[in-house]
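Down below is the structure, laid out as structure tokens.
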Amino acid sequence: MPDTAALHTAEFLRVKALAERGVASAQHSLGFMYVNGQGVPKNDELAVAWYRMAASAGLEQAQYNLGVMYQKGQGVPQDLGQAVYWYTQAAEQGYAAAQYNLGWLYAKGQGIPADVQQAMHWFGKAASQGDPGAQHNLGMMYEGGKGVAQDVERAIEWYRRAAEQNYARSQFALALRYDSGQGIDRDVQQAIHWFRKAAEQGYAPAQFNLGLRYDKGQDLPQDSEKAILWYGRAGEQGHASSQFNLALIHDSGHGVARDPDLALHWFRKAAEQGHAGAQDNLGLRYEHGQGVEQDYGIAADWYRKAAEQGSAGAQYHLGQLLDAGHGVPQDQAQALAWFRKAAEQGHLRAQFDLAMRLEDEAMHWYRKAADQDYAPAQYMLGQLLDRDDTGTIDPRQAYEWYRKAADQGHALAQFALGLRYDSGHGVERDYEAAHFWYLCAARQGHARAQFNLGVMYASGQGVSKDLVEAYAWLHRAGAAGVIPATSYIQRIAARMEPHLLAQAQGYLGAA
């Protein structure tokens with residue numbers, strides 16, 4: 001086998017001799033060798049010197065490479081103006097890569113005033129030569145209407161040209177268009193085809209998209225292992241949403257064995273990149289000591305990072321720590337401020353907590369949470385509408401809110417409905433309905449409902465008279481601290497046949 005290093009050295013000496021005689025192509029090749037350390041120690045400054053000689057002689061590739069060196073500040077102080085100059089020299093000679101880079105600098109206003117028309121001009125020149133990056137950028141300009149009238153169909157044409165050259169960003173853009181049916185007939189299979197093409201090239205957003213579809217069973221069979229595969233490939237590239245979703249899968253054990261340690265690893269990866277959901281989740285782990293040593297101070301730090309990004313959950317959790325003085329100095333004013341931010345975003349518990357703390361705003365916040373079917377808020381709203389001191393008494397509305405909460409199993413609301421039907425307050429008196437709602441609440445351990453239910457069974461009101469049931473429910477109420485239950489039990493026991501009393505007592509023992 002020949003000595004590759006020796007061949008490179010020999011080649012270097014041959015090229016150097018030609019370069020020193022003024023052969024522009026050799027000067028460019030020599031610069032390339034210095035940039036890459038090919039046959040000679042790497043030396044960016046000497047690379048720039050040789051590129052400059054070839055560029056000054058008009059060699060477009062050297063002009064382009066010199067522009068790159070100035071743009072990067074490699075071997076020479078960064079100078080975007082000089083980058084523009086040399087890209088222009090090469091672009092005007094038809095060098096596609098220079099045309100693309102020049103278009104980019106015009107688009108960004110770097111080294112030259114921003115000019116979308118010039119950007120489009122140079123992207124168009126490069127695109128017509130088949131440069132996929134320029135084709136993609138033209139697609140973006142047509143899609144966004146930048147420098148040209150918006151034309152989604154033209155955008156798709158350019159995306160397709162680049163996608164068919166295996167340009168991952170365009171494959172992803174084309175997939176999105178097929179998925180949304182924007183500017184093209186919706187075709188989920190074509191969307192998945194192009195997502196997969198981009199994903200297989202390592203394009204993280206496409207990998208995330210495929211992972212999400214396998215994760216949720218959207219347009220593809222649900223497959224947590226394939227979701228983990230694609231999320232993992234994107235996550236290893238630093239794609240924060242993939243890292244977060246990986247953490248969720250491992251935390252829940254959805255379709256795979258639960259792995260809290262791996263979940264914590266990915267939550268931390270995503271959190272360190274600024275993913276608000278991961279930061280909030282990491283805060284919860286430090287607050288409750290889940291997989292880490294409990295530390296309220298660290299929890300507060302993570303909550304604050306997420307809260308400042310607008311995460312309603314983190315705003316609420318930070319408010320709780322400030323309210324309690326856990327890990328941070330107690331500050332109820334700040335706690336209220338964070339509760340309010342979360343509540344304004346629709347966070348149920350924040351709305352509920354704010355209503356409990358701010359009497360003059362209670363009706364507003366309870367209603368906000370109640371409208372989202374939060375049963376405790378529906379019950380509290382019913383309470384406010386039932387009170388004489390609110391100035392907004394409305395028994396009919398109160399009944400409606402109690403009913404919504406009761407239908408969700410809220411024991412206090414069920415008891416409130418029982419009382420209304422029992423007394424005929426705001427509704428027509430209906431002992432059978434009263435019995436039904438008392439029974440619902442009593443089964444959940446509501447002591448007053450148990451007492452009222454016992455009384456109804458004892459008198460046969462709204463239900464067939466049943467002293468055994470009456471005895472059992474009153475006994476439960478008494479055990480829960482309802483004082484009048486004791487005297488009722490004594491009176492009922494005196495009326496019961498010995499075998500019924502034994503049955504009732506045995507029933508209690510079995511319960």
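Ratio to report: Rg/Rh of segment 292-339, with Cα atoms as the point set and Rh obtained by the Kirkwood method; give two decimals.
0.95
Evaluate E = 1/(1 + (r/R0)^6) for Q150 and E20, where r is the Cβ-Cβ distance and R0 equals 56 Å; express this FRET efficiency to the nearest 0.05.
0.55
Around Q378, with a cut-off of 10 angstrom between Cβ atoms, what is the net charge of the other residues, counting Lys and Arg +1 and Asp and Glu -1?
Working: positive: R367, R403, K404; negative: D371, D373, E400, D407.
Cβ neighbours under 10 Å give a net charge of -1.
Quick one: pull the percent of accessible area on the chain belonging to carbon and sulfur, 1.4 Å probe, ligands and nucleic acids left out.
49
Just to compare against my own numbers: the Cα pair-distance distribution for segment 155-274, 10 Å bins, whole % per bin, please.
Spelled out per bin, shortest first, that is 16, 41, 29, 12, 2.
Residue by residue, what Karplus-based ³J(HN,Hα) values in Hz, rounded to whole numbers, does segment 359-370 have, using 6.51, -1.76 and 1.60 with θ = phi - 60° and x for Gly and Pro?
4, 6, 10, 4, 4, 4, 6, 4, 5, 4, 6, 5
Output the relative contact order of the chain, whole-number percent, from Cα pairs under 8 angstrom with separation of 6+ residues. Display every interim value, and only then the final one.
On the way: 894 pairs, mean separation 18.2, N = 511.
Result for the chain is 4 percent.
If all Cα-Cα distances of segment 407-451 are sorted into 5 Å bins from 0 onward, what percent lands in each bin, rounded to whole numbers?
6, 31, 33, 21, 9, 1
Please compute the volume of the convex hull spanned by the alpha-carbon atoms of segment 257-413 and report it per residue in Å³.
125
Within 11 Å, Cβ to Cβ, of A134, how many net charges do the neighbouring residues add up to if Lys/Arg are +1 and Asp/Glu are -1?
Residues near A134 contribute +1 overall.
How large is ³J(HN,Hα), in whole Hz, for each residue of segment 485-496 in order, when computed from phi with the Karplus curve 6.51 cos²θ - 1.76 cosθ + 1.60 and θ = phi - 60°, using x for Gly and Pro?
Once rounded to whole Hz, the list reads 4, 4, 5, 4, 4, 5, 5, 5, 4, 5, 8, 8.
Quick check on my link table: of K197/K226; K108/K305; K125/K146, which ones sit more than 23 Å apart, alpha carbon to alpha carbon?
Details: K197/K226 16 Å; K108/K305 30 Å; K125/K146 17 Å.
Checking Cα-Cα distances, K108/K305 exceed 23 Å.
Just how far, in whole angstrom, is segment 360-389 from segment 59-109 if you go by their alpha carbon centroids?
Segment 59-109 and segment 360-389 have Cα centres separated by 65 Å.
Based on alpha-carbon centroids, what's the gap between segment 132-149 and segment 21-47 in Å, whole number please?
Computed from Cα coordinates, the inter-centre distance equals 36 Å.
I need the phi-derived Karplus couplings for segment 322-328: 6.51 cos²θ - 1.76 cosθ + 1.60, θ = phi - 60°, integer Hz, Gly and Pro marked x.
Listing the rounded values in order: 5, 5, 8, x, 8, x, 9 Hz.
If you average 1/r across every pair of different Cα atoms in the chain and take the reciprocal, what Kirkwood value do you get, in Å?
In the chain this quantity evaluates to 30.0 Å.
Average the reciprocal distances over every distinct pair of alpha-carbons in segment 307-375, invert the result, and give the Kirkwood radius in Å.
Kirkwood hydrodynamic radius for segment 307-375: 11.7 Å.
Using alpha carbon coordinates only, what is the Rg to Rh ratio of segment 115-222, with Rh defined as the Kirkwood radius?
Value, to two decimals: 1.02.
Find how many whole Å separate the alpha carbon centroid of segment 189-209 from the alpha carbon centroid of segment 443-457.
Between the Cα centre of segment 443-457 and that of segment 189-209, the gap is 61 Å.
Which cross-chain or sequence-distant (5 or more) residues have an amide H under 5 Å from the amide H of L358, H modelled 1.01 Å from N in plane?
Result for L358 returns nothing.
Evaluate segment 344-478: find the radius of gyration of its Cα atoms, find its Kirkwood radius, and give the ratio Rg to Rh.
Here the Rg-to-Rh quotient is 1.05.
Quick check of the Kirkwood formula: for segment 1-91, what is the inverse mean of 1/r over all pairs of different Cα atoms, in Å?
Radius from the Kirkwood sum: 13.0 Å.
At Q117 and N43, where each label point lies 7 Å from the Cα along Cα→Cβ, what is the point-to-point distance in nanometres?
Taking the simple label geometry, Q117 and N43 are separated by 4.7 nm.
Can you check what the net charge comes to around D295, using other residues whose Cβ is under 11 Å from the Cβ of D295 (Lys, Arg +1; Asp, Glu -1)? Let's see the in-between values first.
Details: positive: R285; negative: E287, E293, D301.
Net of charged neighbours comes to -2.
Can you classify segment 395-472 as rounded, prolate or oblate using the Cα gyration tensor, where a ≥ b ≥ c are the square roots of its eigenvalues, rounded means a/c under 1.5, and otherwise it's prolate if a/b beats b/c and oblate if not? List each step's numbers first, then the result.
Working: a/c = 2.76, a/b = 1.51, b/c = 1.83.
It is oblate, given that a/c is not under 1.5 and a/b is not larger than b/c.
From the helices alone, meaning DSSP H stretches of at least four residues, give me the mean residue ellipticity at 222 nm for the chain, per-run term -39500 (n - 2.57), in deg cm²/dmol to the nearest 500.
The helix contribution divided over the chain gives -22500 deg cm²/dmol.
The values are calculated or read from the model by the stated rules, or taken from the named source; none is laboratory data. Not measured: the values here are computed from a predicted model. Cβ: placed from backbone, ideal geometry, glycine included. Neighbour counts: every protein chain shown. Calculation scope for accessible area: heavy atoms of the full protein, side chains included, ligands and nucleic acids excluded. Shrake-Rupley method; radii C 1.70, N 1.55, O 1.52, S 1.80 Å.
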